[in-house]
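S.K.: Just passing along the structure, written as C-alpha cells.
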Amino acid sequence: MNGSAHPSPNMVDIKLKRGSAGLGFNIVGGVDQQYVVNDNGIYVSKLKDDGAAAVDGRLQEGDKILAINGVVLDNLTHRATVELFRTAGEDVELRVLKKFPNHVNGPTGSRPEPRSPVSSLEVLVALAGVVAVCAVIYMRLRKKHF
C-alpha cells in the first residue's frame, strides 16, 4: 500500500473513513472459518446500505480483503482479523482483490440499476396474449348459450 505496483489488475486499494456505524460491511473467513475451500482469506459478506463502504461504492460483496492498513491478512483467524478492523483507526486503507473486476472504478453512487431479465414490453405482450385467449374462450362460451 506504499505506492507499490499491483501484481494483479483485479487488485485495488480502497481508503474508507470510519462512520458512526463503522466501516459498513461484514466479513467471513479466516484460518478457523474458511469461507472458500482451501483458502484462508477474508471476504466481504455483506454491505450495510448506508455504511462507509456502500457510500464509497468500490467494495462489493465477494471481494477478498488482502490487507488492512498494510497488515497482510494471510493465515489469521477470523477473530484476529475482526480485532485488526476494530483497532484500525478512523481512516482505513484496504487492499482488495475484486471478485468482479468491472466494479473496480467509477464515481460514488454510479452503480448500475439491476436489470430484470424480463422487460416491461415482454410483460405487456404476455398480458395481451392472455387477454386475447380469454376473449376467444368467452366468445365461444357465449355463442353456445344462445
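The values are calculated or read from the model by the stated rules, or taken from the named source; none is laboratory data. The shown structure was predicted, so the numbers you read here are calculated from the model rather than taken from an experiment. All Cβ positions, glycine included, derive from the backbone under ideal geometry; neighbour counts span all protein chains shown. Each accessible area value is taken on the protein alone, full model and side chains, heavy atoms only, with ligands, DNA and RNA left out. Shrake-Rupley method; radii C 1.70, N 1.55, O 1.52, S 1.80 Å.
S.K.: Kindly provide the set of residues from the stretch 59-68 that are assigned to a strand (DSSP E or B) and touching a residue at least 40 places away in the same chain (Cβ under 8 Å), ordered by number.
M.R.: Within the stretch 59-68, L66, A67 qualify.
S.K.: In addition: Give the residue that is modelled with the lowest pLDDT, with candidates limited to residues of the stretch 99-125 that are open to solvent by 50 Å² or more (accessible area, probe 1.4 Å) and aliphatic (A, V, I, L, M).
M.R.: Taking the candidates together, the pick is V118.
S.K.: Still on this structure, I have one more. For the stretch 45-58, what are the residues that are in contact (Cβ under 8 Å) with a residue 24 or more places away in the chain and in contact with a helix residue (DSSP H, G or I) (Cβ under 8 Å, 6 or more places away or on another chain)?
M.R.: K48, R58
S.K.: When the stretch 20-58 is examined, which residues are found to be part of a loop (DSSP other than H, G, I, E, B), in contact with a Gly (Cβ under 9 Å, 6 or more places away or on another chain) and within 19 Å of E90 (Cα to Cα)?
M.R.: Within the stretch 20-58, A21, L23, G24, K48, D50, G51, G57, R58 meet the criteria.
S.K.: Which members of the stretch 42-84 meet the condition of being of a type outside the set (D, E, K, R), surrounded by fewer than 19 Cβ atoms within 10 Å (Cβ to Cβ), more than 14 Å from I14 (Cα to Cα) and within 21 Å of the chain's Cα centre (by Cα)?
M.R.: S45, G62, H78, V82
S.K.: V96: of a type in the set (V, I, T) and either open to solvent by less than 60 Å² (accessible area, probe 1.4 Å) or part of a loop (DSSP other than H, G, I, E, B) (or both), yes or no?
M.R.: yes
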